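This report refers to the structure that appears directly beneath it.
The values are calculated or read from the model by the stated rules, or taken from the named source; none is laboratory data. Computed from a predicted model, the values in this text were never measured in an experiment. Virtual Cβ from ideal backbone geometry, glycine too; neighbours counted across all protein chains shown. Surface areas here come from the heavy atoms of the whole protein model, side chains and all, with no ligands, DNA or RNA. Shrake-Rupley method; radii C 1.70, N 1.55, O 1.52, S 1.80 Å.
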Amino acid sequence: MKKLHFPAMTPQSAEALRLAAVQGIFWASWAVGCYQTIYLQNNGFPASQFGLLNAIACAVAIIAMTFWGMVSDRIGSVRKIVILTLTLGILLYALIPLIPTGKSYSTLLFLIIIPAIGFFRVPMSPFVDNLTVRNCAEHRLNYGAIRSSGSLFFAISGVITVNCLIPALGVSSTFWAMGLVMIPAIILVFFCYEPQSGVRAKKSRVGSKELFKNYRFVAFLLFAFFFYIAVTFEGNFLPYLMSDIGVESTNIGLVLSIRAMMEIPFLFFIVNLRRHIKLRYLIMLAAALMGVECLLLGFFVSSLPQFIIFASFFGLGNGAFLGTSTNYIYELAPAHLRATAHGMFISVSQVAGILGNLLGGFLFDAVGGKPFYLIAGAVMFLSVVVFAISSMKRPSAAQAG
């Protein structure tokens, strides 16, 4: 009897499958655990108080991203940082439902404990992407196609969570359920390649100074500041907008799932798009699409179906941004400072998050849901204008790095 012979899987194909699985499981876990806002809202947190909590968390995140980025560059390992932050992040996050609620000191406990957990939880997503982008570049893999598995699994997991897990066990169950789903991703990271571009950085004080001499990198950080103020406005107060117009806020999982599905087209075809369109133009297009969603929410939203339709614009924009932003940073930064550059980018986003949360919470309570989202859209388009103007100036060879 003739035996069938199947071609052996190449190392590149095996790594692509591992990375796709890590992305898929990680974002499936994240979809389960994205109900912290709902949990706090159900426990009496108004928008202004929630904004203060997130502002403190962003301040901690600045320190966290800078710290973990420097550690990653110094030890020459992204993979070890991913394993450490994922493990500690999910273990500590699972403990949040144990914080006493309804007590006079409950608010103070949340304001202290949640930001402290963020020191490990905030770096989880950036460093998973850091590992994925570097390995895709070194093994000539399609990052967009691999990252799209995360969007697909996020969408599926989000639908299951909102329709099965929460009705059966309540919102508080999502904190520990997130950890259970994350375990296979942590195991898979052990078997991923260590990016060779993550060489051990020299012990010198040049690092960040070298990056700040790069005009285009600084211009991108300026864009990121305004962009993430708008993203903070848009993302953190969606459950409050839903309640404001009479839509059950637990449906946020369904809205986020639709947004995740709409990320896939841009992610899947981003390699082909990059051959014809410069990265900075794709980034501006991404922000513009997100701004359109904010304006639609501000002008027209009044029901869950409209929420879902308008969210599609943000999903398209986010897919384009995910497929371009990290690659744009890595094009600008030297190999030995890529984790540091990425950490600085995330830190700028957290600085913007502080302002966005503090200002956003009070603005939302002051002007109401729909006018607030018109402001969010205006800030998003402002970021596009800032990036367009900064990109028009032609830097000198020394500035361009």
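Within region 78-90, residues that are open to solvent by less than 10 Å² (accessible area, probe 1.4 Å) sit with their Cβ atoms under 7 Å from residues that are among the aromatic types (Phe, Trp, Tyr) and in a helix (DSSP H, G or I), at 6+ positions apart or across chains, in these pairs: 78/127; 81/68; 81/127; 82/127; 85/68; 85/120; 85/127; 89/120.
Of the set (1) open to solvent by less than 40 Å² (accessible area, probe 1.4 Å); (2) part of a loop (DSSP other than H, G, I, E, B); (3) free of Cβ contacts under 8 Å to residues at least 12 places away in the same chain, all apply to residue 14 but (2). Can we say residue 9 is surrounded by fewer than 19 Cβ atoms within 10 Å (Cβ to Cβ), aliphatic (A, V, I, L, M) and assigned to a loop (DSSP other than H, G, I, E, B)? For residue 9, the condition - surrounded by fewer than 19 Cβ atoms within 10 Å (Cβ to Cβ), aliphatic (A, V, I, L, M) and assigned to a loop (DSSP other than H, G, I, E, B) - is met.
Okay, residues lined up against (1) within 17 Å of residue 143 (Cβ to Cβ); (2) surrounded by fewer than 22 Cβ atoms within 10 Å (Cβ to Cβ); (3) not small (Gly, Ala, Ser):
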| position | (1), (2), (3) |
| --- | --- |
| 273 | yes, yes, yes |
| 285 | no, yes, yes |
| 311 | no, no, no |
| 314 | no, no, yes |
| 336 | no, yes, yes |
| 346 | no, no, yes |
| 355 | no, yes, yes |
| 358 | no, yes, yes |
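Would it be correct to say that residue 383 is at pLDDT below 95, polar (S, T, N, Q), on the phi < 0 side of the Ramachandran plot and in contact with a Phe, Trp or Tyr (Cβ under 9 Å, 6 or more places away or on another chain)? So residue 383 does not fit the description; no.
Of all residues in region 91-106, exactly one satisfies the criterion of being touching a Gly at 6+ places or on another chain (Cβ under 9 Å) and exposed (fewer than 14 other Cβ atoms within 10 Å of the Cβ), namely 102.
Does residue 284 satisfy being in a helix (DSSP H, G or I) and either under 16 Å from the mean Cα position of the chain (by Cα) or among the hydroxyl-bearing types (Ser, Thr, Tyr) (or both)?
Numbers: in a helix (DSSP H, G or I): yes; either under 16 Å from the mean Cα position of the chain (by Cα) or among the hydroxyl-bearing types (Ser, Thr, Tyr) (or both): no.
No, not satisfied.
Reported count of residues in region 162-184, each being assigned to a helix (DSSP H, G or I) and over 21 Å from residue 20 (Cβ atoms), is 14.
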